[in-house]
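Structure first, then comments.
Just so you know, all these numbers are worked out from the coordinates, no wet-lab data involved. As the structure is a computational prediction, the values presented were derived from the model and not from experiment. Glycine gets a Cβ as well: all are built from the backbone with ideal geometry, and neighbour counts include every protein chain shown.
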Protein chains: 2
Amino acid sequence: MPYTVKQMAEMSGVSVRTLHHYDEIGLLSPAGRSAAGYRKYSEEDVEKLQQILFFKELGFELGEIAKITGSPDFDRRSALADHKMVLLKKMDRIKAIIKTIDKTMESLERGNKMNKKEMFGAFDEKTIEEYRKEARARYGEKAVECERRTAKYAKDDWRAIQDEYAVIYRAIGDMMLKGADPASAAVQEQIGRHYSIINEKFYSCTPEIFRGLGELYVSDARFTAFYENIEKGLAEYMRRAMAVYCDDIEKKKA
Amino acid sequence: MPYTVKQMAEMSGVSVRTLHHYDEIGLLSPAGRSAAGYRKYSEEDVEKLQQILFFKELGFELGEIAKITGSPDFDRRSALADHKMVLLKKMDRIKAIIKTIDKTMESLERGNKMNKKEMFGAFDEKTIEEYRKEARARYGEKAVECERRTAKYAKDDWRAIQDEYAVIYRAIGDMMLKGADPASAAVQEQIGRHYSIINEKFYSCTPEIFRGLGELYVSDARFTAFYENIEKGLAEYMRRAMAVYCDDIEKKKA
DNA sequence: CATTGACTATGACGTTACGTTATAGTTTAT
DNA sequence: ATAAACTATAACGTAACGTCATAGTCAATG
């Protein structure tokens, strides 16, 4: 029994338009058509679509995906390895950009304290010039690592952790705004990351302690202020989510 | 002396087309035109272009850049902070994808060794299904399948470490209650274990970093909460003990 | 002075992966 | 029979330009 476009779309979570598009570009043409010209997808088509979506979520372009899914003897491992390299480079670039942003923000703050006119002139050109030079020379550059590196390491390290937290809190805040249940999988996953980071980077944290931490979020003014600043209602939201998380861990143990 | 398009382009390393484009969309219109309609860029235009390119390299969209560079009292810091969040999320996503790629490649290799038919069928569907489930959960679109993957992560390894830590903290807490000096040998021994575990299990930790960690115990509310929860005053007590520990290490080196 | 080469201007289509109408025919339930 | 729900093709819109195509302009040369 073949599937209609809508059935396919709902099964796989894409839009009908997407299926039309894939048909248009020849990425996934339905096995057949009805008398009236309606697309009829077979089981095989379903499987192929799964693969297509899999690669798509890995960030491959449709053209690449066509090659990959088009021939069974295509070298998938190489394709994956290559793609991984691309992603690693992207990450690298993003990291570099984040550093620049950090520097720029610091310089902005200094600028504000030192001179209000600087604000008016936007950024101080040194920062910009410096950065652009760096960017141009990035590939021929050898980093000169000095002894200060260690000291910097601590700072950067700490900032990285803060960044990780920032992402998590922002994500949870967004889900809260969307009306997601604190017990929902998506929220719980983020809470899980929170929990993991504490364990990895800071201290050994038991569910009991974690739950207590959640309570503190609403009972301790400092915590509350911090979370409410991110999003109103987030403190209580996190407390609930963390409680659920701990409940689940304890259930599993039992 | 005004600049022509080509001069501008060569100076800043962009194409003439780009300058045309920026003019078209009103991002950067030249200060004037010649009688024949040739664009004439001023020094100010050059500066503005530098700023534009700076933000472009940070990954901002032209629309955003227009806002940023268009008004001097635009909140650049917020813009940078927001952008940083976006980048952090991107990094997060890339990390997740890389993990999936790693898993997939592993599974491909296993599949190949174990079963040639698998090769023909490309990927084993479990991997794909698994991933897609996760992805759906992550974005909160559908499925409320609660998988505590993160929680699973810890497992036995974590438990062992957690237990070790629990013992140490408890021991230090007890000694504190007995009125022992943070510099006493008994306390320092426990601190040493703390230090060693961090180095062995987590990351390379210098005295400098370790000292900073101690500071955090009293300065960061989240840490403080944890230690205060074990025993009142433990946060500050540990900070002092850790400082002493670091002093000693540094003395020995010298 | 006309020609040539270098430069410039304004369109306008192509790119990626669809979203979004718009128009029109088909199937199904009532 | 008619409405509701579904399907098809067509075509424009998106971001930030690249890439022609067509045509006018400027400086130097023969």
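Here are the numbers for the structure shown:
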item	result
Average Cα contact separation per residue, segment B:4-86, under 8 Å, 6 or more apart, as relative contact order %	20 percent
Net dipole in debye of segment B:1-48 [+1 Lys, Arg Cβ; -1 Asp, Glu Cβ; about Cα centre; nearest 20]	200 debye
Other-copy label distances relative to A:Lys252, 7 angstrom Cα-Cβ extension, nm	3.9
Hz values of 3J(HN,Hα) by residue in segment A:74-89 - Karplus curve (6.51, -1.76, 1.60), Gly and Pro given as x	5, 7, 5, 5, 4, 4, 5, 4, 4, 4, 4, 4, 4, 5, 4, 5
Across A:Lys48/A:Lys84; A:Lys99/B:Lys56; A:Lys56/A:Lys251; A:Lys48/B:Lys103; A:Lys90/B:Lys6, pairs whose alpha-carbon gap is larger than 25 Å	A:Lys56/A:Lys251; A:Lys90/B:Lys6
³J(HN,Hα) computed for each position of segment B:239-254 - Karplus, 6.51 cos²θ - 1.76 cosθ + 1.60, integer Hz, glycine/proline x	4, 5, 4, 5, 4, 4, 4, 5, 4, 4, 4, 5, 5, 4, 4, 6
Simple label model, 7 Å out from Cα along Cβ direction - B:Arg17 to A:Glu109, nm	4.2 nm
For B:Ala81, label point 7 Å along C-beta direction: distances to other copies, nm	4.5
Other-copy label distances relative to A:Val46, 7 angstrom Cα-Cβ extension, nm	6.6
Karplus 3J(HN,Hα) series, Hz, for segment B:13-21 with 6.51 cos²θ - 1.76 cosθ + 1.60 (x for Gly, Pro)	x, 10, 8, 4, 4, 4, 5, 4, 4
B:Ile25 paired with B:Asp102, simple spin-label distance in nm, labels 7 Å along Cα-to-beta-carbon	3.7 nm
Approximate spin-label separation A:Leu177-A:Arg33, in nm, with each point projected 7 Å along Cα-to-Cβ	4.5 nm
